[in-house]
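Visitor: I am attaching a structure below and will ask some questions about it afterwards.
Rule-based calculations on the coordinates, nothing more; no lab input. Everything numeric here is computed off the predicted structure, so don't read it as measured data. Cβ coordinates were reconstructed from backbone atoms using ideal geometry, including for glycine residues, and neighbour counts include every protein chain displayed.
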Amino acid sequence: MTRPQFVNEVIRDKRGWNARTVGQADAWTYRLPDACLQELEQAVGEVDPDEGPVTGIVVRDEQFPKCREAVQPILSALETGLGFLIIDRLPIERHPLRRQQAMYWMFGQLLGRPFEQNIEGTLLYDVCDMGHDVTQGARFSVTNAESTFHTDHAFGKDAPDYVGLLCLRKAKSGGHSQLVSGYALYNELRQHHADVLESLYQPFCFDRRGQFLDGEMPYLPSPVFNWDGRQLKVRYLHYYIVVGQEKAGKPLTPMQDQALEVLQQLLSAEDLRVQFDLQPGQMLFANNRWVLHNRTEFEDHPAPTQRRHLVRLWLSSTTNSNTSGKGREGD
């Protein structure tokens, strides 16, 4: 494995936001123009509400001119701004489920290229509690357990550039979304815990949650931090590292253990994070290269038709050549 490059200075631009500097919610909420919504609703009006997967719908270059204008501020925010944006909102209440998903699927293609989320090739992924247990090998996304701060597909050779979530229904209680800037996290480490940075640039073993092919290892070695000469890249999910190191037969060294403990302490501090609840119809898009996200534990409604339901979309940036559009499940 090529030795990661280091970034040796504090990052002082917008990407290094924290709870104090991120601003109020209106600073990171973007209202879709009516003209864009009209284009989307006209397009989904032609979608059969009962037949076939919506992932077969391919957006053509000549489609959605107003939406293509509308997504430019979103892409700018993802790449050079805060790294995330809440999009308000898709009018899901006016459409059956398949057309709700179709609107989201078509809109996502304007931001990037859909990225496979598991070895089965799933492109739209339902995030809801299916009663599974993380300690038995399940992914956090199909439980009601707190996911802890992470980046998606942390164990994959390639990772999506952007993570999207469409809220269809909220939980009865809990299930809050939390985000932390990897740049702010790095700045805290550099200024106050520089002694652990060397370890975080060295490989850890990430458990792959059974998402690997014959002949592949059940874990992937990767550093938590890497600097590619222009941007910081983060791969992290604490529990997957712990399990991955066990599967690799490589107990954490004292320095690795200390580095992960410091990360956990920083990520548990409220002064780095922003927290919010997505409302039905709202979408969240976040830069998965350097924005870490968490979903808190939640209690769901007893009725299946009312239970928490989000739909996840992974995207590769069309201007980023480091991702292939193929991946395996990340959380």
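Visitor: Assuming R0 = 25 Å, can you tell me the calculated FRET efficiency for the pair Thr80 and His301, based on Cβ-Cβ distance, to the nearest 0.05?
Guide: So, using R0 = 25 Å, E works out to roughly 0.05.
Visitor: Between Val10 and Val58, what length in nm is gained on full extension when 0.36 nm per residue of separation is reduced by their alpha carbon distance?
Guide: 13.1 nm
Visitor: Can you give the longest stretch of the chain with no exposed loop site, where a site means GluC sites (Glu not before Pro) in a DSSP loop (not H, G, I, E or B) with at most 15 other C-beta atoms within 10 Å?
Guide: Numbers: sites that count: Glu9, Glu46, Glu51, Glu62, Glu120, Glu216, Glu270, Glu297.
My reading of the result: 121-215 is the longest stretch.
Visitor: I need Tyr186, Tyr240 ordered by Cβ neighbour count within 10 Å, fewest first.
Guide: By the 10 Å Cβ count, ascending: Tyr186, Tyr240.
Visitor: Moving to a separate point now. Using the count of nearby Cβ atoms within 10 Å as a rough guide to exposure, how do Met103, Met217 rank from fewest to most?
Guide: Ascending Cβ contact count within 10 Å gives the list Met217, Met103.
Visitor: Further question on the same structure: Which order results if Trp105, Trp314, Trp227 are arranged by neighbouring Cβ count within 10 Å, fewest first?
Guide: Sorted ascending by nearby Cβ count, the order is Trp227, Trp105, Trp314.
Visitor: In nanometres, what is the gap between the two model label sites at Asp257 and Met130, each 7 Å from Cα along Cα-to-Cβ?
Guide: Label at Asp257, label at Met130, 3.5 nm between them.
Visitor: Then there is this: Kindly identify segment 11-59 as rounded, prolate or oblate by the Cα gyration tensor criterion: order the square roots of the eigenvalues as a ≥ b ≥ c, call it rounded if a/c is under 1.5, otherwise compare a/b with b/c, prolate if a/b is larger, else oblate. Intermediate results must be reported in sequence, preceding the final value.
Guide: Working: a/c = 3.89, a/b = 2.50, b/c = 1.56.
Prolate is the answer for segment 11-59, as a/c is 1.5 or above and a/b outweighs b/c.
Visitor: Working out 0.36 nm times the residue gap between Leu97 and Ala269, then minus their Cα-Cα distance, what length gain in nm do you get to one decimal?
Guide: 58.1 nm
Visitor: With each run of n ≥ 4 DSSP H residues scored as -39500 (n - 2.57), what mean residue ellipticity at 222 nm is computed for the chain after dividing by its residue count and rounding to the nearest 500 deg cm²/dmol?
Guide: -7000 deg cm²/dmol
Visitor: To the nearest Å, what is the center-to-center distance of segment 103-133 and segment 241-308, using C-alpha atoms only?
Guide: Going from one Cα centre to the other spans 18 Å.
Visitor: Considering amide H positions built from the backbone, and no H for Pro or chain starts, which residues 5 or more places from Ile87, or on another chain, come under 5 Å of its amide H?
Guide: Under 5 Å from the amide H of Ile87 lie the amide H atoms of Tyr30, Met283, Leu284, Phe285, each far enough along the sequence or on another chain.
Visitor: Any chance you could run the full-extension gain for Asp88 through Glu120? It's 0.36 nm times the residue separation minus the Cα-Cα distance, nm to one decimal.
Guide: 8.4 nm
Visitor: Got a sec to turn the phi values of segment 278-285 into Karplus ³J(HN,Hα) couplings, 6.51 cos²θ - 1.76 cosθ + 1.60 with θ = phi - 60°, whole Hz, x for Gly and Pro?
Guide: These are the phi-based 3J(HN,Hα) values: 5, 9, x, x, 7, 10, 10, 10 Hz.
Visitor: So which cysteines in the chain don't have a second cysteine's C-beta under 4.7 Å from them?
Guide: Cys128, Cys167, Cys205 - these cysteines have no disulfide-compatible partner (Cβ-Cβ under 4.7 Å) in the chain.
Visitor: Identify all lysines with a Cα-Cα distance to Lys157 below 26 Å; exclude those on the same chain that are fewer than 8 residues away in sequence.
Guide: Lys233, Lys247, Lys250, Lys326
Visitor: Determine ³J(HN,Hα), in whole Hz, for all residues of segment 185-190 in sequence, where each value follows from phi through the Karplus function 6.51 cos²θ - 1.76 cosθ + 1.60 and θ = phi - 60°; x replaces Gly and Pro.
Guide: 4, 4, 4, 4, 5, 5
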